[in-house]
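Peer 1: Take a look at the following structure, please.
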Amino acid sequence: MKVLILGAGYGTRLEKDLKNDATGKYHHLIGVPKPLLPIGQYPLATHWLKDLADIKHIGGVYVVTNALNHSAFEAWASEWENVQLLCDGTTSNETRIGAVGCINLVVKHFNIQEDLLVIAGDTLFFHDVTLVDLIQAFQTFQHKDDKASMVVYVNCKDEEVHKYGILEVDESSRVTGFLEKPQSGETTSRKECPCFYFLSSHSLSLLSEFLEERKDQPLKARDATGNFIAFLSERKPVYATQISGRYDVGGLQSYIICNEHFQLEKR
């Protein structure tokens, strides 16, 4: 299994929050890409690498970056010999190729033909969620169907449904639908699905097909990774497993909450 951490986003919402922060306490974070934000003792992405270090199933870790922040990632990655970087060549949010495009870029560039774990560069899980348990869950689904992919979900509140991608699943935990930021009345599901996907090797060829079908659509239709999960679930088996919670470092307030939690864990 390979691992891909998505780090090519521009963090526009967080950047705006930082610049508008009247306290000035967090101005030193302006310009820092989300995966490199200090969370507790380490940069956000380092938490994932430390968790991955003890897992034998992992055959390599890739991080996709943009050209604007590539040098910062190079400095960070110099401490991790198993990490390979790939720059998408973009320099602004307006010229970005989108998250699905970045996944496909890495798959093609490194000729990945194994299962691929995709992790958003602004996401961390609660401490009781372990990669070992999630890999075991993925393997259990693959024992039933070797073409199976797996996503995770967190139960959210009614008033939060419109903020997230929402999964619909059947009794066997197979994904039957994915709605991108629906209104609460559009679905009875409250299963929020973060960008953390175990993609089967059998699913990777569908990335190019997905992008080709949407090449003339607005970037939003290609950028949201949940749209690919919806596309994939109609063609290959995708299963879902529940986790207790996660941190989504989208803006300053969510960063503060995540950082404070990990600071407390350090103590």
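Peer 1: Calculate one ³J(HN,Hα) per residue across the stretch 89-103 by plugging θ = phi - 60° into the Karplus curve 6.51 cos²θ - 1.76 cosθ + 1.60, and present them in order as whole Hz with x for glycine and proline.
Peer 2: x, 8, 10, 8, 4, 6, 9, 4, 9, x, 5, 5, x, 5, 4
Peer 1: By average Cβ neighbour count within 10 Å, what is the ranking of 206-218, 188-200 from highest down?
Peer 2: 188-200, 206-218
Peer 1: With only Lys, Arg, Asp and Glu charged, each at its Cβ (+1 for the first two, -1 for the last two), find how big the charge dipole of the chain is about the Cα centre; round to the nearest 20 debye.
Peer 2: For this selection, approximately 260 debye.
Peer 1: Considering the options S189, A137, P38, tell which one lies farthest towards the positive end of the dipole of the chain, charges being +1 on Lys and Arg and -1 on Asp and Glu at the Cβ, about the Cα centre.
Peer 2: So the residue furthest toward the plus end is P38.
Peer 1: Loop only per DSSP, at most 16 neighbouring Cβ atoms within 10 Å: give me the GluC sites (Glu not before Pro) in the stretch 1-93, ordered by residue number.
Peer 2: Answer in residue order: E79, E81.
Peer 1: Tally up the carbon and sulfur contribution to the accessible surface of the stretch 114-267 as a whole percent, 1.4 Å probe, everything protein left in place.
Peer 2: Of the solvent-accessible surface of the stretch 114-267, carbon and sulfur hold 43 percent.
Peer 1: Normalising by the residue count of the chain, find the relative contact order in percent from Cα pairs under 8 Å and 6+ residues apart.
Peer 2: The normalised contact order for the chain reaches 25 percent.
Peer 1: Further question: What are the ³J(HN,Hα) couplings of the stretch 119-126, residue after residue, when phi is run through the Karplus curve with 6.51, -1.76, 1.60 and θ = phi - 60°? Round to Hz, x for glycine and proline.
Peer 2: 10, 5, x, 10, 10, 9, 9, 4
Peer 1: Running a GNM on the chain with Cα contacts under 10 Å, which residue among K157, K147, K236 ends up with the highest mean-square fluctuation?
Peer 2: K157
Peer 1: Which far-off residues, 5 or more places away or on another chain, put their amide H under 5 Å from the one on G165, with H placed in the peptide plane?
Peer 2: Sorted by chain and number, the residues that satisfy this are K181, C193.
Peer 1: If you don't mind, there's one more thing I want to ask. Taking the solvent-accessible surface of protein heavy atoms with a 1.4 Å probe, what is the per residue accessible area of the stretch 150-231 in Å²?
Peer 2: On a per-residue basis, the stretch 150-231 sits at 47 Å².
Peer 1: Let me ask something additional. Over the stretch 1-56, average the accessible area per residue using a 1.4 Å probe and give it in Å², no decimals.
Peer 2: Value returned for the stretch 1-56: 49 Å² of accessible area per residue.
Peer 1: How large a share of the accessible area of the stretch 1-107, in percent, is made up of carbon and sulfur atoms when the probe is 1.4 Å and the other protein chains stay in place?
Peer 2: The computed percentage sits at 49.
Peer 1: Only bridges whose two residues both fall in the stretch 7-151 count here: according to DSSP, what percent of them are antiparallel, nearest 5?
Peer 2: Once the DSSP bridges in the stretch 7-151 are tallied, antiparallel ones form about 25 percent.
Peer 1: For the stretch 45-86 and the stretch 132-191, what is the separation of their C-alpha centers, rounded to whole Å?
Peer 2: If we compute the Cα centre of each part, the gap is 27 Å.
The values are calculated or read from the model by the stated rules, or taken from the named source; none is laboratory data. Treat the numbers as computed from the prediction; the structure is a model and nothing was measured. Reconstructed Cβ throughout: ideal geometry from the backbone, glycine too, with neighbour counts over all protein chains shown. With ligands, DNA and RNA removed, areas are computed over all heavy atoms of the protein, side chains included. Shrake-Rupley method; radii C 1.70, N 1.55, O 1.52, S 1.80 Å.
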